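In what follows, a structure is listed as structure tokens, so that the remarks can point back to it.
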Amino acid sequence: ALPGVANARPALQESRERLSVCSKLCYAVGGAPYQITGCALGFFLQIYLLDVAQVDAFYASIILFVGRVWDAITDPMVGFFISKTSWTRFGRLMPWIMFSTPFAIISYFLIWFVPDISTGQVMWYLVFYCAFQTLVTCFHVPYSALTMFISREQSERDSATAYRMTVEVLGTVLGTAIQGQIVGKVDTPCVGSPFFFGLTNSSVAMEELNMTHDTGGLTDTRNAYMIAAGVIGGLYILCAFILVLGVRERREACELQSDEPVSFFQGLKLVMNHRPYIKLIAGFLFTSLAFMLLEGNFALFCTYTLGFRNDFQNILLAIMLSATLTIPFWQWFLTRFGKKRAVYVGISSAIPFLILVVVLDSNLFVTYLVAVAAGISVAAAFLLPWSMLPDVIDDFKLQHPSSHGHEAIFFSFYVFFTKFTAGVSLGISTLSLDFAGYQTRGCSQPGQVHFTLKMLVSAVPVGLILLSLLLFKLYPIDEEKRSKNKKALQDLR
């Protein structure tokens, strides 16, 4: 009977490691709040500050810049504090998610509220924007690290990550749609219409226009932004509730028999000296920069260079829907052919289409084709980093079996570098367009702006993608290495 019992134990243990579809869905839903709020802020905050809150453009740029910098800084900070957190009966990561949620909702709503104060308005938005970025980081960093605590099985973590990426891409579509549809139904008065600039007494015309702006539709527009914030805040709470109730954080999933505490700074030094992690981060750093340049400038490119002013919203929606629908395909592909091959095929698939869109004359069908192809690559870029990071952590554990509790460092610094690239892409785009002579809200743009937009959505992203593929050639964890690591970890446990 003893051999039978011995054979039954691994099967029983393997069944316990398997995650149900319900658990994977509950875990995946937890990724939506970060993407929904991030898209709403990314697409609409600048317009809101300038046209609705009527903040001076210089101070609006300070609010946006400081908020982005602070957002990047908070990731390693939160990672540090999480590493010092003790385990509770709810886990080590779940308490961060539970306690940050209500305060995040409050600060998010206040970002979209126009205070009735003559002075201090800039400080209002700066404080609540930075407060929300801190609180949403307190949600997202532990949620990202939770990947390592839901199962010890690589295949189960990869499957849960695919569920998560699908929901996160849906979250980007949902955030844009909710904010856009609610705010878009209000007829916001035009500011600085070119018609008025042609009048002799333009200052009088602008004064009349601003009075109409203040007394007419501005109040309705402000109310629409608050309604949208309320709807998104309700979704944030719902998703957090589902995550906390539907997912169990397993301490044993990430601890080895030889685990002993190691300080945060010792762990940080070990993490930053782990070559597979550095090579993975470097590769996805350039990939992220390429797609963020494309994302940030594609609407301008469609509007001015291609002349599709009334179609760019549908084109952007085609990108996100394509990304959402193809994430399951990439999950199947990486399972069947391996993650490194998925990187090469997925990331490079956009290159010919990015070249095609600038070589051919303006064509709506070709633009939609490029949008769908870009969405396929975006899906791969969304999925693969979060699927490959756990493999790097497993490799790290084998090389440093006496060190544990540094999962948050791996995830928080990846998020930090990703947000850093977002800031870099914003700076590159703004400076390049300004240097080329971009006219704010102009009906048309100079030839230099058209050339710059072509570079920002085609030549530069293609170059960055090719550079990232070269870096991925140096990434050492292939499928054979993953299998060896998996067996070695099982032996240690």
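Go through (1) surrounded by fewer than 16 Cβ atoms within 10 Å (Cβ to Cβ); (2) of a type in the set (S, T, N, Q); (3) at pLDDT below 80 for THR303 and report which single condition fails.
(1)
Select, from LEU41, LEU25, the only residue that is open to solvent by 60 Å² or more (accessible area, probe 1.4 Å) and at pLDDT 80 or above.
Step by step, each of LEU41, LEU25 is checked, and only LEU25 is open to solvent by 60 Å² or more (accessible area, probe 1.4 Å) and at pLDDT 80 or above.
Would you confirm whether any residue within the stretch 66-86 is within 25 Å of ASN297 (Cβ to Cβ), surrounded by fewer than 16 Cβ atoms within 10 Å (Cβ to Cβ) and either hydroxyl-bearing (Ser, Thr, Tyr) or touching a residue at least 40 places away in the same chain (Cβ under 8 Å) (or both)?
yes
Can we say PHE329 is in the same structural domain as TYR277 (by the TED database), out of contact with any helix residue (DSSP H, G or I) (no Cβ under 9 Å at 6 or more places or on another chain), modelled with pLDDT of 85 or more and not small (Gly, Ala, Ser)?
no
If SER258 satisfies all but one of (1) at pLDDT below 80; (2) assigned to a helix (DSSP H, G or I); (3) closer than 27 Å to ASP395 by Cβ, what's the number of the condition it fails?
Answer for SER258: the failing condition is (2).
Hey, can you tell me all the residues within the stretch 442-493 that are polar (S, T, N, Q) and either closer than 17 Å to LEU384 by Cα or modelled with pLDDT under 85 (or both)?
Scanning the stretch 442-493 gives SER444, GLN445, SER468, SER483, ASN485, GLN490.
Can TRP96 be described as touching a Lys or Arg at 6+ places or on another chain (Cβ under 9 Å), open to solvent by 10 Å² or more (accessible area, probe 1.4 Å) and more than 21 Å from ALA229 (Cβ to Cβ)?
So TRP96 fails the test.
Note down all Cβ pairs under 8 Å where the first residue falls in the stretch 457-480 and is within 9 Å of GLY283 (Cβ to Cβ), the second is part of a loop (DSSP other than H, G, I, E, B) and of a type in the set (A, V, I, L, M, F, W, C), and they're at least six residues apart or on different chains.
Taking only residues 6 or more apart or on different chains, not a single pair turns up.
Which members of the stretch 463-493 meet the condition of being open to solvent by less than 20 Å² (accessible area, probe 1.4 Å) and of a type in the set (A, V, I, L, M, F, W, C)?
ILE465, PHE472, ILE477, LEU489
From TYR368, TYR414, which residue is at pLDDT 85 or above and either of a type in the set (Ser, Thr, Tyr) or surrounded by 21 or more Cβ atoms within 10 Å (Cβ to Cβ) (or both)?
TYR368
Provide a single number: the residues in the stretch 331-366 that are of a type outside the set (Ser, Thr, Tyr) and under 23 Å from GLY463 (Cα atoms).
Of the residues in the stretch 331-366, 21 are of a type outside the set (Ser, Thr, Tyr) and under 23 Å from GLY463 (Cα atoms).
Counting only residues that are under 25 Å from MET98 (Cα atoms) and aliphatic (A, V, I, L, M), which one in the stretch 118-142 is most open to solvent (accessible area, probe 1.4 Å)?
VAL127
Counting residues that are at pLDDT 85 or above, in the same structural domain as LEU41 (by the TED database) and more than 18 Å from the chain's Cα centre (by Cα), which helices (runs of 4 or more DSSP H) fully inside the stretch 80-191 reach at least 3?
Fully inside the stretch 80-191 and qualifying: 94-111, 121-145.
When both residues are 6+ apart or on different chains and their Cβ atoms are under 7 Å apart, which pairs have a first residue that lies in the stretch 315-341 and is without any contact (Cβ under 8 Å) to a residue 24 or more places away in the chain, and a second that is in a helix (DSSP H, G or I)?
That search, which allows pairs on different chains as well, returns PHE333/ALA342.
Tally the residues that are open to solvent by 20 Å² or more (accessible area, probe 1.4 Å) and more than 19 Å from ILE327 (Cβ to Cβ), restricting the search to the stretch 341-365.
Count: 12.
The values are calculated or read from the model by the stated rules, or taken from the named source; none is laboratory data. Not measured: the values here are computed from a predicted model. Glycine gets a Cβ as well: all are built from the backbone with ideal geometry, and neighbour counts include every protein chain shown. Surface areas here come from the heavy atoms of the whole protein model, side chains and all, with no ligands, DNA or RNA. Shrake-Rupley method; radii C 1.70, N 1.55, O 1.52, S 1.80 Å.
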